[in-house]
Amino acid sequence: MFAKKLILLIFAILYVGRAEARTYGKTVTLMPLAAKESESLQPCKTDLQYLANLKYRLYPTTLADSTCQIQQNNIAVSANGKMENFSPTAQNTLQMAFTGVPLVITGFSVKNMDVRFRSLRNDFMPNFHCPVDNYLQYLPAAVMVGMKACGVESRSSWSRMLVSDAFSAALMGGIVFVIKNTAQVERPDGSNHHSFPSGHTATAFMTATMLNKEYGYKSPWVGIGAYSAATATGLMRIANNKHWLSDVLAGAGIGIITTEIGYLLADLIFKEKGINHAHEINYFSKEPFSAAPFRPSFLGVYLGLASMPGRYRLPDGRALKFLPGSSAGIEGAYFFNPYIGFGGSFGLSSLPLEENTQLKDNNLSLLSVYSGTHFSYPVMDRLLLGGNISIGYLHSDALRVEEGFFTKRNWFAFSPALSLTFRAKEHLGVKLFARYELLPDIMPEGNPNTFHQLTFGAAASILFPASKNPKKKKVSAKRQDSQHQSAIPKE
């Protein structure tokens, strides 16, 4: 049942992704909203790029004939003449579908793999402790309030912003409290049974979403910085041995969803009072993967399940087998054009060891650093097929197995990979990947073996869609508005 729901969710995301507005930079027909569709309409022309960048919202729909709808006040736009009202809840709903809901679903689905991912923490940083996450969760909110207090114009007035944030905090706190006391999941350190979901992570992603909604229009780096701080909070909760991976993923999704709902409730209450439409963010790409100038440079974090197929024998004949383990790391690439780039990665892997069908206490810990050529090809407006061929350095710790042991090695490794990236937001990519690694021999001397590691996982990446288009001379919004007023019909 869960698999069926997950498949339906993926298809829904792909459908909306394919419905990307392909009319970016083109001319479309503007029509005033009439009381009846049968009334005579006098169309005029205007530039969609101006509308999308300045004051208008873009709502994706089926684009059999390059249709899009844009609305400000009483203006509707449709390239094929069909008039539809823009729903103010559409963007909130789609944002929850693209980011919050998948995170919560993933959090529930990986609960049976929590122990495997915790082994990474225990193998590489067993004594880590840093209380910074207790304060980092509030950083985006402090920045938002500070900017507002300094007079920086935001999406909402003081009253509207505070009501939106109050709704969000109340929803987030209530949901987290109820689930914690219902699920009764024990923390990794055994301190109590309030592990699932992570309240720190939910708070961090709630405040990050607030900051992005209020000031994301200033620069994409506002959202990048806010969500980077939230991600760091979640990772530190795992490193501090306070939460499982599933706790953090579910907490992140809850933080995003409750903020979207909080702002939606405030929008329904305040309507057009105290809102600045000119600075609302168009979350949907104005420059899809299929656009010629798009270069899919990225930087992200990944998690995966690693395995080493086959059995290996020690000189005395004992059989060793590596069970599926966990892998995590960071990866990035700079693309010179839409198709070719250069990048690298840093990763950690931990695999349990089985000797003669008995599970051992020690894990095989691997540290890898790769660099190489990255490839990409846009298969849909929001979907990118990618891959890379890399070589790098691999370090493995000595692993004792009674009389025999795996020696500590530093050697070169080879790794090709394939990936599929979905552009959930303008600067957020969600990637599924499969990676093969040809590893050096780490068996005892005189017993050579070739090691093969397969990793399947997912990654969240910051996208840097640099354009080759020359920079245009900046024109003030007021001047742009006056230049295009003649293109907007009056009632």
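The values are calculated or read from the model by the stated rules, or taken from the named source; none is laboratory data. What you are looking at is a predicted structure, and each value in this text was computed from that prediction instead of being measured. Positions of Cβ are generated from backbone atoms using ideal geometry, with glycine treated the same way; all protein chains shown enter the neighbour counts.
What residue, among those in segment 247-286 that are among the polar types (S, T, N, Q) and surrounded by fewer than 24 Cβ atoms within 10 Å (Cβ to Cβ), is modelled with the highest pLDDT?
Step by step, filter segment 247-286, then rank; the result is 276.
So that you can scan it fast, the table gives a plain yes or no per residue for (1) in contact with an Asp or Glu (Cβ under 9 Å, 6 or more places away or on another chain); (2) farther than 27 Å from residue 264 by Cα; (3) among the aliphatic types (A, V, I, L, M):
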{"position": "103", "(1), (2), (3)": "no, no, yes"}
{"position": "113", "(1), (2), (3)": "no, yes, yes"}
{"position": "118", "(1), (2), (3)": "no, yes, no"}
{"position": "121", "(1), (2), (3)": "no, yes, no"}
{"position": "128", "(1), (2), (3)": "no, yes, no"}
{"position": "133", "(1), (2), (3)": "no, yes, no"}
{"position": "136", "(1), (2), (3)": "no, no, yes"}
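Can you tell me which condition residue 155 does not meet? The list is (1) under 22 Å from residue 273 (Cβ atoms); (2) crowded, with 24+ Cβ neighbours inside 10 Å; (3) not β-branched (Val, Ile, Thr), and all the others hold.
(2)
Grab the strands (runs of 3 or more DSSP E) fully contained in segment 304-375, keeping just those with 3 or more residues being touching a Phe, Trp or Tyr at 6+ places or on another chain (Cβ under 7 Å).
325-335, 340-355
Take the residues in segment 302-321 that are modelled with pLDDT of 80 or more and surrounded by 15 or more Cβ atoms within 10 Å (Cβ to Cβ), then tell me which one is farthest from residue 163 (Cα to Cα).
So the residue we want is 321.
Check segment 218-233 and report whether any residue there is touching a Gly at 6+ places or on another chain (Cβ under 7 Å) and either assigned by TED's automatic domain parsing to the domain that holds residue 171 or closer than 23 Å to residue 107 by Cβ (or both).
yes
Looking at (1) exposed (fewer than 13 other Cβ atoms within 10 Å of the Cβ); (2) within 17 Å of residue 256 (Cβ to Cβ), find the lone condition where residue 129 falls short.
(2)
Taking the options 365, 376, 349, name whichever one is small (Gly, Ala, Ser) and farther than 18 Å from residue 116 by Cβ.
Exactly one of 365, 376, 349 is small (Gly, Ala, Ser) and farther than 18 Å from residue 116 by Cβ, namely 376.
If residue 486 satisfies all but one of (1) in a loop (DSSP other than H, G, I, E, B); (2) modelled with pLDDT under 50, what's the number of the condition it fails?
(1)
Looking at segment 418-428, can you tell me whether even one residue there is modelled with pLDDT of 80 or more, part of a strand (DSSP E or B), surrounded by fewer than 16 Cβ atoms within 10 Å (Cβ to Cβ) and of a type in the set (Ser, Thr, Tyr)?
No, every residue in segment 418-428 fails to be modelled with pLDDT of 80 or more, part of a strand (DSSP E or B), surrounded by fewer than 16 Cβ atoms within 10 Å (Cβ to Cβ) and of a type in the set (Ser, Thr, Tyr).
Confirm whether residue 177 is among the aromatic types (Phe, Trp, Tyr), farther than 17 Å from residue 101 by Cα and free of Cβ contacts under 8 Å to residues at least 24 places away in the same chain.
So residue 177 passes the test.
Can you tell me which residue in segment 219-229 is surrounded by the most Cβ atoms within 10 Å (Cβ to Cβ), limited to those that are farther than 16 Å from residue 330 by Cα and of a type in the set (A, V, I, L, M, F, W, C)?
Taking the candidates together, the pick is 226.
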